[in-house]
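The values are calculated or read from the model by the stated rules, or taken from the named source; none is laboratory data. Note that this is a predicted model, so its numbers are computed, not measured. With ideal geometry, Cβ positions are generated from the backbone for all residues, glycine too; neighbour counts draw on all protein chains shown.
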Amino acid sequence: MKTVSPEHMDASPDAPPRRKRRSRPLTADRLRNIALFYLERYGGSSARLKRVLTRRLERDARLHGPNPDVDAGTVAALVRRFLEAGLVDDAAWARGRAAALHRRGRPLADIRQALAADETAPDDISAALDSLAPDAAAADLAAALVYARRRRLGPFRPPVDREARYRQDLAALARRGFSYAIASQVMAAPGPENFPPLPDSPNRLPPQREEQYDE
């Protein structure tokens, strides 16, 4: 015989649905907690954190109207305080993001563009790119090899297929953004055993969830 738990004794098909709890108006303390939770879970730069908190302010304004106690100035002060305390480190974030993109086989030009789109400071972008390899050509060659390995291009193909697919593979490297010199260097290698060990390439980049984040 099936038993019914006490919490379901009064349930019935005609019972009205439970009302959703109405969100509370945003306060400076709650905004700070949202920032801390986001940084703990996702990390991020000051620009990303600012966007997360600004969207939270906009949502609060739609639900409750303008809030004179919590505004753009509150967000700016909070981000500045986190930077001063070392909870946000834009230079370290840029280095980590650049390294993750590089391990996926992205050329330096693409990485620079991605960091700039995240409103990263030019000095932090330059330092992040410099940390990838001693010079730009070495960094792009390493990224091109990673990309060729992931796509099984050129020297990573079975030897019997290499000549027939040469132009196709060269074009694939060019479309990815690598120069003709770098692409030709990859394609000219006799086989993967001629390259130094390549960095592991994760299937997915670390989560960058600022767009989906909510309290």
- [ ] Go through the range 142-169 residue by residue and tally those that are part of a helix (DSSP H, G or I) and in contact with a helix residue (DSSP H, G or I) (Cβ under 8 Å, 6 or more places away or on another chain).
- [x] 15
Task: Filtered residues of the range 144-187 (kept if within 25 Å of Ala114 (Cα to Cα) and touching a Lys or Arg at 6+ places or on another chain (Cβ under 6 Å)) - done: Tyr147
Open item on the list: Could you check the range 62-79 and list, in sequence order, the residues that are small (Gly, Ala, Ser) and touching a residue at least 12 places away in the same chain (Cβ under 8 Å)?
Closed with: Ala72, Ala76
Task: Index of the failed condition, Arg59 passing every other in (1) closer than 30 Å to Ala136 by Cα; (2) part of a helix (DSSP H, G or I); (3) in contact with a Leu (Cβ under 9 Å, 6 or more places away or on another chain); (4) not acidic (Asp, Glu) - done: (1)
- [ ] Would you tally the residues in the range 80-95 being free of Cβ contacts under 8 Å to residues at least 40 places away in the same chain and either part of a helix (DSSP H, G or I) or closer than 26 Å to Val186 by Cα (or both)?
- [x] 8
Task: Total residues in the range 115-141, condition exposed (fewer than 14 other Cβ atoms within 10 Å of the Cβ) and either assigned to a loop (DSSP other than H, G, I, E, B) or not assigned by TED's automatic domain parsing to the domain that holds Ala100 (or both) - done: 3
- [ ] Considering every residue within the range 39-49, establish whether at least one is surrounded by 18 or more Cβ atoms within 10 Å (Cβ to Cβ), within 30 Å of Ile182 (Cβ to Cβ) and not acidic (Asp, Glu).
- [x] yes
Open item on the list: Take the conditions closer than 30 Å to Val146 by Cα, touching a residue at least 24 places away in the same chain (Cβ under 8 Å), in contact with a Pro (Cβ under 9 Å, 6 or more places away or on another chain) and not small (Gly, Ala, Ser) and apply them to His102. Does it pass?
Closed with: yes
- [ ] Could you tell me whether Val52 is under 26 Å from the mean Cα position of the chain (by Cα), surrounded by 15 or more Cβ atoms within 10 Å (Cβ to Cβ) and not hydroxyl-bearing (Ser, Thr, Tyr)?
- [x] yes
